[in-house]
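Here is the structure we will look at, set down as structure tokens.
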Amino acid sequence: MIDAFTQYVALGDSMSIDLYPALDAGETDVAVALEWDDLAGAVAPLGAASLLYRNVDDRYPEFTGSDLASRFPCLVSTNVAEDAATIGDVFGSQLPQVAESEERTLLTLSIGGNDLLSAFGNKHVASLLRHVVKDIADAYEFLVESLKRCRPNSLLIVTTVYDPSDGTRKIPGVFEDAGSLPLESLHDLNERISSIGTRVSQTVVADAHHHFLGHGVTAAESERWYWQRSWVEPNAVGASEIRRLWLDALQGAAED
């Protein structure tokens, strides 16, 4: 099946969109007041999903010929990911844009981070937060099941949620008055995502959490993979690294 994809569909949150990597690279003509709206002007295709589909060879020469467009010339790409999306948004606005089909499809999913941030912002006590995170993980698993029903002949790449704090429990500009972030909740969700990737047929894991560690708040500026104006968004390098993880996951699936 991996030799014969005819469609690629990207779903999820800002880990999959072009806006923040393009802003980081200075390749937008979006007015400052509208820069948070990825539909407000021309935005270079520098997000992870765009790069996975078609590499920008002059910026990332090491990936020349490794993109989906080169490997599957007849493949059609659709990116329905949205900024600040939650699992509910994937159900409510993204999944309805993906028609049920028997087409051989590659799916990438980056979701869950904003659900966690919302839970953190509500300042739940630890015992209640564990229940909330379980509900998020249950919803994530139901979403995966729904995607599989929608596209039964698909390979799905699920993506763990990264930690810009690099384990320090502090992210500049994110709940700075709330004390240390409860990273145990992040780990619990990522364990569930990883479990889904090993249990569900034709589903593999791209471990962004592990790969991005050391490239957040503890890193020198030149080694950071997050946009300098918002630590929860990938910069241009970070988007390429997410793309790298997806390519590695695709290669691993092919070898299996």
> Once the mean 1/r over all distinct Cα pairs of segment 90-219 is inverted, what Kirkwood radius in angstroms do you read off?
Replying inline: 15.7
>> Taking only the Cα atoms of segment 49-167, how large is their convex hull per residue, in Å³?
In response: 129
>> I'd like the antiparallel share, as a percent to the nearest 5, of DSSP beta bridges with both residues in the chain.
In response: 15
> What helices does the chain have that are whole DSSP H segments, at least 18 Å long along their own axis by Cα, and with mean Kyte-Doolittle hydropathy of -0.5 or more?
Replying inline: 126-150, 236-255
> Short version: what are the Cα gyration tensor semi-axes of segment 180-231, square root of 5 times each eigenvalue, largest first, in whole Å?
Replying inline: 26, 14, 8
> Using just the C-alpha positions of the chain as equal point scatterers, what log10 of I(q)/I(0) does the Debye formula give at each q in 0.11, 0.12, 0.17 1/Å?
Replying inline: -0.56, -0.68, -1.40
> Can you list residues whose amide H is under 5 Å from GLY12's amide H, if they're 5+ apart or on another chain and H is modeled 1.01 Å from N?
Replying inline: ALA81, GLU82, SER110
>> For segment 150-256, what are Rg and Dmax over the alpha carbons, in angstrom?
In response: 15.2, 47
> Direction-averaged shadow area of the convex hull around the Cα atoms of segment 60-108, nm²?
Replying inline: 4.7
> If you put +1 on each Lys and Arg Cβ and -1 on each Asp and Glu Cβ, how big is the dipole of segment 87-188 around its Cα centre, in Debye rounded to 20?
Replying inline: 60
> What number comes out for the charge environment of LEU68, summing +1 per Lys or Arg and -1 per Asp or Glu over other residues with Cβ under 11 Å away?
Replying inline: +2
> For CYS74 and SER201 in one chain, what is 0.36 nm times their gap in residues minus the Cα-Cα distance, to one decimal in nm?
Replying inline: 43.2 nm
> Under a point-charge model restricted to the Cβ atoms of Lys and Arg (+1) and Asp and Glu (-1), what is the dipole moment magnitude of the chain relative to its Cα centre, in debye to the nearest 20?
Replying inline: 500
> How much of the calculated P(r) for segment 126-200 lies past 20 Å, in percent of all Cα pairs?
Replying inline: 42
>> Rolling a 1.4 Å sphere over the protein heavy atoms, what is the accessible area per residue of the chain, to the nearest Å²?
In response: 45
> Among LEU143, ALA4, GLY238, whose Cα sits farthest toward the positive end of the charge dipole of the chain (+1 at Cβ of Lys/Arg, -1 at Cβ of Asp/Glu, about the Cα centre)?
Replying inline: LEU143
>> Using a 1.4 Å probe on the protein heavy atoms only, what accessible surface does SER180 show? Give it in Å² to the nearest 10.
In response: 80
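The values are calculated or read from the model by the stated rules, or taken from the named source; none is laboratory data. Just so it is clear, the structure is predicted and the values come from calculations on it, not from any experiment. Every residue, glycine as well, gets a Cβ built from its backbone with ideal geometry; the counts of neighbours run over all protein chains shown. Heads up: the accessible areas ignore ligands, DNA and RNA and are worked out on the full protein's heavy atoms, side chains in. Shrake-Rupley method; radii C 1.70, N 1.55, O 1.52, S 1.80 Å.
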